Amino acid sequence: MSSSNIDALPYYDKQIDDPHFKAKAQALIEAEMRSTPKVEVDDPRLPPQTEIFSKSSGLRELLDNYNEHPIRGIDVSKYAPPQANPNESLDELKEIEKRGWIGEGHMALRNENVQILSTYGPNAWLVRNYQLSTQLTELQAAVTEMKERVTELNRARRVFQEDTGQHLSRLEGRWQDLVGATVQLEMACGAMEGEVEGLRIREERLQAEVKQLEG
């Protein structure tokens with residue numbers, strides 16, 4: 001990790017625990033969020049919307065407004081055999097017979113599909129479940145690995161920031177000591193300058209007295 005441009009050590013700095021600093025940080029975050037442009041729904045950087053059940057309009061209709069309108073049950077009336085009244089005309093009876101044959105053919109096809117499903121469906125279901133289980137295991141392993149990497153990264157960041165914080169604290173303490181020593185040195189220099197000035201004035205006074213005595 002680079003040690004340049006260090007301006008925040010969240011694992012070491014404790015100023016954020018102060019309500020005053022916390023409020024200031026929150027205000028800065030909110031200001032940054034207000035200045036950040038919002039991403040539109042049609043932004044090209046976003047993935048395209050996926051149309052669910054694009055090949056089945058019936059399933060799409062069932063899912064439309066699902067929260068407001070629960071999914072309806074299967075309408076079994078369309079599978080019921082047509083009923084003929086005694087006073088039906090010949091054309092109407094032919095139409096009823098036609099619908100009956102169509103319904104019978106449809107049910108025969110459904111029975112055939114059920115038999116095929118009973119024969120091959122369980123194996124296909126088991127194979128697909130095995131594939132999904134394998135994919136789930138791989139995804140869980142990937143998630144576990146990613147969590148371990150994140151944990152290791154956070155651990156490394158914590159160690160780095162704590163070491164850096166301690167180093168900065170030592171430098172800050174040394175800086176304070178040097179500043180204190182500099183202030184003391186300046187005070188000592190000022191005192192010595194005062195003493196030197198006093199000695200110079202005394203020297204001048206003594207020289208003046210000597211001249212008076214000689215004169």
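Values as computed for the structure displayed
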item: Meets criteria (farther than 30 Å from P82 by Cβ, at pLDDT 90 or above and not charged (D, E, K, R)) for L136; result: yes
item: Within the stretch 30-59, tally of residues that are surrounded by 10 or more Cβ atoms within 10 Å (Cβ to Cβ) and aliphatic (A, V, I, L, M); result: 3
item: Test: Y130 is hydroxyl-bearing (S, T, Y), under 41 Å from the mean Cα position of the chain (by Cα) and assigned to a helix (DSSP H, G or I); result: yes
item: Any hit, the stretch 115-138, residues being among the aliphatic types (A, V, I, L, M), surrounded by 10 or more Cβ atoms within 10 Å (Cβ to Cβ) and in contact (Cβ under 8 Å) with a residue 12 or more places away in the chain; result: no
item: Enumeration of residues in the stretch 80-97 that are exposed (fewer than 10 other Cβ atoms within 10 Å of the Cβ) and under 60 Å from the mean Cα position of the chain (by Cα); result: A80
item: Pairs where the first residue, in the stretch 148-162, is farther than 16 Å from D13 by Cα and of a type in the set (S, T, N, Q) and the second is part of a helix (DSSP H, G or I) and at pLDDT below 90, C-beta under 9 Å, 6+ apart; result: none
item: Residue within the stretch 174-182 that is within 30 Å of L9 (Cβ to Cβ), surrounded by 10 or more Cβ atoms within 10 Å (Cβ to Cβ), at pLDDT below 90 and not β-branched (V, I, T) present; result: no
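The values are calculated or read from the model by the stated rules, or taken from the named source; none is laboratory data. Computed from a predicted model, the values in this text were never measured in an experiment. Quick reminder, even Gly has a Cβ in these numbers, built from the backbone with ideal geometry, and neighbours come from all protein chains shown.
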